[in-house]
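Every read-out reported here was derived from the displayed coordinates using simple, explicitly stated rules and does not represent laboratory data. Small disclaimer: the values here were computed from a predicted structure and weren't measured. Positions of Cβ are generated from backbone atoms using ideal geometry, with glycine treated the same way; all protein chains shown enter the neighbour counts.
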Amino acid sequence: MPAGLRTVPAGLGLSPARLAGVCPHAARRRTTQLVRISSSGDAALRSVDRAESFHTEVEALMAALPAEALPLEETLEQLKEQATPAPDSPLGRFWRFYNNALERHPVAVKSATSFVGFLLGDVLAQTIVGADFDVARTLRLVLFGMFMDGPVGHVWYTVLDRNVFPEDPRSNKAVVVKMLLDQLLWAPVFSCVFFTFIHLLQGHPENILPAIQSKLVPMMIANYAVWPIAHIINFKFVPPQQRILYINCCQIAWSAYLSNLSSVRLRSTHGHF
């Protein structure tokens, strides 16, 4: 009997005696096929074992995780708690004082916040430009922030929060609608208010209309590159009472960004929100 026939795997239903009646070449081919089938079966069993082992590892990892994932709001609250200064630290005491004052006198505190925001923004912008410091320009901007941006912004955002999906103010549809209203309606209107206020303080009311005609479109183009994203964050994550503070923090970076373009561009676009 050929040696190959003696190696037929057991349990395959063909004995060497049975294979003896088959031609040698056919027997060899049949034996080879059976051996391959047996090898494939062993590989399949090993794959099943590996899959079961992987499944066991996954179950162990899942058991180590919390039973339920935290909702987005709870996650944000935890991040807020972690970012809040320690109550006994100087920054923590100031933050507590600021929020208490904001609750008692929202308009006055937001006006003061805009005053500081415009002051820091313009000082930073003029410092980066490197030209002679223009005190009169800074004074005009901080007056605009204190008397227009703070109080008028307070009214505007209060109107949005009370009238645009107040039942679910942080939903995606509420955030998008608020952002569109702010950028398509409020931004161009308030930019015109800005030009009017600044040129009146300069004592040149005749320059109001030419300034709007020449600078409004470039201002809007620069505005739409930054502020839609900033306001999506604003309406999605920032508490309503902190909106003016958040916007003035963005204003500082905005002023620095504009100052890097050119001093001429800065003077024509600074202060828009």
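Between Asn172 and Leu209, 0.36 nm times their residue separation minus their Cα-Cα distance comes to what?
Details: separation 37, 0.36 × 37 = 13.32 nm, distance 3.75 nm.
Taking Asn172 through Leu209 to full extension adds about 9.6 nm, to one decimal.
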Gain in length, Val116 to Ser89, computed as 0.36 nm per residue apart minus the alpha-carbon separation, to one decimal in nm? 7.5 nm
Of 114-121, 128-135, ordering from highest average Cβ density within 10 Å down gives 114-121, 128-135
Label-point gap, in nm, between Thr158 and Val107 - each point 7 angstrom along Cα→Cβ: 0.7
